[in-house]
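Trainee: First the structure, which I've put down as structure tokens, then a few questions once you've had a look.
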């Protein structure tokens, strides 16, 4: 049987390993869901009759670019602002039926920035990975202090 | 699950008596916190924000309802900090 000290060190090492491994996903989720997020080339099926939901909401002004498929050149190109309108709050886009670039039912690509969370929420949630790291540190420090 | 079974049980059996059982608790706790943060921040807050923005609520109601994501964030933060405070 291992000595008591070795057993405690081993147990804390397992705890630390699991904690640090989980720190990555936690930090990733926090970064991907707080503050200003950028969406690049989200595929949206253009429908003239109804607004289409975008993944994001609270969309930032002047950040929206819509790319329509140009049948002549065989590539995507930026559509003029008159071809679409964006309802920034709920994050919906309406396509104009007078567009010469975008056809009804055609797949377009939309790039934009949106505010995933407000400033206060971002500030509070941003400290969560730090708190998790502090928890791991404090748990180890507590045991180390108990051994001294 | 019985903690006496499996690698966790064997690991705990090597830990001195006064600290036995706490290793499993710590591991469970850190996993629980991580899951709570991932689900809370990755699912609950975005859905709440999406619904609030779609509802287009303004005025005092909008101000109060707008604090719901903040409170969710505080809840998750406190859930993360709580175990630190109780163990130090």
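Trainee: Quick one: is residue A:111 modelled with pLDDT of 90 or more, out of contact with any helix residue (DSSP H, G or I) (no Cβ under 9 Å at 6 or more places or on another chain) and closer than 27 Å to residue A:28 by Cα?
Mentor: Values: modelled with pLDDT of 90 or more: yes; out of contact with any helix residue (DSSP H, G or I) (no Cβ under 9 Å at 6 or more places or on another chain): yes; closer than 27 Å to residue A:28 by Cα: yes.
Spelling it out, residue A:111 is indeed modelled with pLDDT of 90 or more, out of contact with any helix residue (DSSP H, G or I) (no Cβ under 9 Å at 6 or more places or on another chain) and closer than 27 Å to residue A:28 by Cα.
Trainee: For the range A:1-20: of the residues being more than 7 Å from chain B (Cβ to nearest Cβ) and surrounded by fewer than 11 Cβ atoms within 10 Å (Cβ to Cβ), which is nearest to residue B:29 (Cα to Cα)?
Mentor: A:5
Trainee: Can you give me the number of residues within the range B:14-48 that are facing another protein chain (nearest Cβ under 7 Å), in a helix (DSSP H, G or I), more than 13 Å from residue A:14 (Cα to Cα) and at pLDDT below 90?
Mentor: Number of matching residues: 1.
Trainee: Within the range A:71-112, count every residue that is in a strand (DSSP E or B) and either in contact with a strand residue (DSSP E or B) (Cβ under 7 Å, 6 or more places away or on another chain) or over 19 Å from residue A:53 (Cβ atoms) (or both).
Mentor: Within the range A:71-112, the subset in a strand (DSSP E or B) is A:75-78, A:84-87, A:92-95, A:107-112.
Right, trim to either in contact with a strand residue (DSSP E or B) (Cβ under 7 Å, 6 or more places away or on another chain) or over 19 Å from residue A:53 (Cβ atoms) (or both) and you get A:75-78, A:84-86, A:92-95, A:107-112.
Matching residues across the range A:71-112 total 17.
Trainee: Still on this structure, please answer the following. Any chance you could count how many residues in the range B:50-88 are part of a helix (DSSP H, G or I) and surrounded by 12 or more Cβ atoms within 10 Å (Cβ to Cβ)?
Mentor: Filtering the range B:50-88 for residues part of a helix (DSSP H, G or I) gives B:50-55, B:59-65, B:67-87.
This time we only want the ones that are surrounded by 12 or more Cβ atoms within 10 Å (Cβ to Cβ), so: B:50-55, B:62, B:65, B:67-84, B:87.
The total comes to 27.
Trainee: Moving on to the next point. In the range A:97-135, what count of residues is obtained for those that are in contact (Cβ under 8 Å) with a residue 24 or more places away in the chain and more than 7 Å from every other protein chain (Cβ to nearest Cβ)? Can you show your working first?
Mentor: Going through the range A:97-135, the residues in contact (Cβ under 8 Å) with a residue 24 or more places away in the chain turn out to be A:97, A:99, A:101-117, A:121-122, A:125-126, A:128-129, A:132-133, A:135.
If we keep only those that are more than 7 Å from every other protein chain (Cβ to nearest Cβ) as well, we get A:97, A:99, A:101-115, A:122, A:126, A:129, A:133.
Selection size over the range A:97-135: 21.
The values are calculated or read from the model by the stated rules, or taken from the named source; none is laboratory data. Computed from a predicted structure; not experimentally measured. Please note: Cβ atoms are built from the backbone with ideal geometry, for glycine as well, and neighbour counts cover all protein chains shown.
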